[in-house]
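The values are calculated or read from the model by the stated rules, or taken from the named source; none is laboratory data. Predicted model only: the values in this text are computed from it and were never measured. For neighbour counting, all protein chains shown are included, and Cβ atoms are generated from backbone atoms with ideal geometry for every residue, glycine included. Note: accessible area is taken over every heavy atom of the protein model, side chains too, but ligands, DNA and RNA are not part of it. Shrake-Rupley method; radii C 1.70, N 1.55, O 1.52, S 1.80 Å.
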Amino acid sequence: MSDNRKDTGVSNKMWGGRFAEGPSAIMREINASIPFDKALWRQDITASRAHAAMLAAQGIITEEDAATIDGGLDRIAEEYERDGVPEDWDLEDIHMTTEARLGALVGPAAGRLHTARSRNDQVATDFRMWVRDAIDQAIAGLHALQHALVARAEEHADSIMPGFTHLQTAQPVTLGHHLLAYYEMIARDVSRFSDARVRMNESPLGSAALAGTGFPIDRDATASALGFDRPTANSLDAVSDRDFALDYLMAASQCALHLSRLAEEMIIWASQPFGFIRMPDTLSTGSSIMPQKKNPDAAELVRGHAGRVIGCTTALMITMKGLPLAYSKDMQDDKPPVFEAASLLGLSIAAMTGMVADSTFNTDRMRQAAELGYATATDLADWLVREADIPFREAHHITGAAVKLAEQRGVALDQLSLDDLTEIDSRIGERVFDALSVDASVASRASYGGTAPEQVRAQVKRAKARLAEKD
């Protein structure tokens, strides 16, 4: 490390003759971004190749120099792929590291590559391309998670479990319905990432430092070569904008929040008092002292990662909030939070996909919990409204009295006798028992988007069709 920070006592060749003395060791260390922005090397080389090809096509550099540059960049890519990117802090960043290596390989032709561009538009372009790739990776991972959710939902379209509000038993639902709720959440996450990708897919390359360039460049050509829809329309905005990174982070934060909610539910369900699921061994750990323990550590880490991803979003927002146009060195700190969030999100998506696909659901225990929690109380109230023409508020009061009696007897609602119920209200008839079982309750919720097995299967079919369009 000390070799990277030695004071050479000479001007930095990349900066030129403006500075009489080289930067101090402290300045080199605070200024260098190569330890993290080396992650952009693929994008940097790809963008440099497109830029050199455009310069040649426009007659700004010769075809011979462009070919020499392209060949040199090819060799550098092979070196980076094989050996990694070297970290020379005197060269500061991935752009100067690559340019210096190119000069060593091909000689003076390398100096023509930086014609009509600046590190400002160079990094803005590279970073956009990196974030675009990260979006594509997130969407692919989320599609896999959606497939797992839909497969398990179809498997458990009829499996009854308690539905909760305030973590108290509310009404019976099917496990398939519950899992499809997360499919819908993840679908919105995919939509947010997709929207962010469309919005950010403009090329800053050619904006130069901030004002554009006097060379007759073809920005449409480089935009097209790099897979962008168009070049950015304002050079000042192009080099100073990090909205694309914030859009990604905000979508990642929302996604991490959803993954955390699913992780939390699976943690609760795996606890002994619930006993609804058994986590896969591959995503669990044991205790160093208690041999009976099987800890849902992967789910807990997903829950923890959500806080870190949200923190990354906050960090970049605060970095950007007070910056004037155009580029400021503060923006060098834009990449670490994005890189960290992308890594955490990718791990979280993969972990939750494995948990959904490989967990074992204890459907007997789920059904038992639904039956014991007076989950059909609302069905009794609804029956009184439909069959006895009782106003809902009065029916609510009658049902509350029935629940109280069942609690005192230690039985489920459908285990109360008809005499017990008629003593509470004489308008209750024997047909009420058709509505009080958890099966009847679930089957009756057949409105669009409801928990009835027929509706769950319909939504599974719809989800499969949507996923098939994207596969």
On each of the three principal axes the extent of the alpha-carbon atoms of the range 120-365, given in whole Å and largest first, is 74, 38, 31
For L262 the rounded accessible area (nearest 10 Å², probe 1.4 Å, non-protein molecules ignored) is 10
Here the gain from full extension of D218 to R42, 0.36 nm per residue of separation minus their alpha-carbon distance, amounts to 61.1 nm
Expressed in Å to one decimal, the Kirkwood Rh of the range 208-286 from all distinct alpha-carbon pairs is 17.3
Sorted list, accessible surface of protein heavy atoms, 1.4 Å probe, largest first, for H397, H177, H95, H147 is H397, H147, H177, H95
Per the rule of 0.36 nm per residue minus the C-alpha distance, extending R188 to Q415 adds in nm 77.5 nm
Taking Cα atoms only, helix 243-270 is inclined relative to the longest principal axis of the chain by an angle, in degrees rounded to 10, of 30
Taking alpha-carbon centroids only, the range 406-471 lies from the range 164-203 a number of Å equal to 24
If each K or R counts +1 and each D or E counts -1, the residues other than A299 whose Cβ falls under 14 Å of its Cβ total -2
1/(1 + (r/R0)^6) with r = Cβ-Cβ of R466 and D434, R0 = 35 Å, i.e. FRET efficiency to nearest 0.05, evaluates to 0.45
Sorted list, accessible surface of protein heavy atoms, 1.4 Å probe, largest first, for Y327, Y182, Y448, Y374 is Y448, Y327, Y374, Y182
Largest-first ranking of D93, D70, D439, D364 by accessible area, probe 1.4 Å, whole protein assembly kept, is D364, D439, D70, D93
Expressed in nanometres to one decimal, the distance between label points 7 Å along Cα→Cβ at A209 and A357 is 5.2
Once the mean of 1/r over all distinct C-alpha pairs in the range 373-436 is inverted, the Kirkwood radius in Å reads 11.3
Placing one equal point scatterer on each C-alpha of the chain and summing with Debye, one gets log10 I(q)/I(0) at q = 0.06, 0.13 Å⁻¹ equal to -0.42, -1.15
Heavy-atom accessible area of L380, protein chains in place, probe 1.4 angstrom, given in Å² to nearest 10, is 0
Sorted by chain and then number, the residues having a modelled amide H within less than 5 Å of the amide H of V173, at least 5 places away or on another chain, are M161, G163
In Å², rounded to a whole number, the accessible area per residue of the chain with probe 1.4 Å is 47
One would report the antiparallel percent of DSSP beta bridges in the chain, rounded to the nearest 5, as 80
Rounded to the nearest 10 degrees, the helix 94-106 long axis (Cα) sits at an angle to the longest Cα principal axis of the chain of 40
One finds, for S426 and L372 with R0 = 30 angstrom and r their Cβ-Cβ distance, a FRET efficiency to the nearest 0.05 of 0.60
Ignoring ligands and nucleic acids, M250 exposes an accessible area, probe 1.4 Å, in Å² to the nearest 10, of 90
Semi-axes of the range 321-471 from the Cα gyration tensor (sqrt of 5 times each eigenvalue, largest first, whole Å) come to 50, 21, 18
The answer for the net charge of residues other than Q459 whose Cβ lies under 11 angstrom from its Cβ, with Lys and Arg +1 and Asp and Glu -1, is +2
The longest stretch of the chain containing none of the trypsin sites (Lys or Arg not before Pro) that sit in a DSSP loop with at most 16 other Cβ atoms within 10 Å is 19-292
Between the Cα axis of helix 41-57 and the main Cα principal axis of the chain, the angle (0 to 90°, nearest 10) is 50
Taking every alpha carbon pair in the range 25-115 and sorting the distances into 5 angstrom bins from 0 up to the bin holding the longest one, the percent per bin comes out as 3, 15, 25, 23, 17, 10, 5, 2, 0
Expected unfolding gain across Y448-A25 under the 0.36 nm per residue rule, minus the alpha-carbon gap, is 145.6 nm
Dimensionless Rg/Rh of the range 400-457, both radii on Cα and Rh by Kirkwood, sits at 1.08
Excluding ligands, DNA and RNA, the carbon-plus-sulfur percentage of the accessible area of the range 326-407 with a 1.4 Å probe reads 50
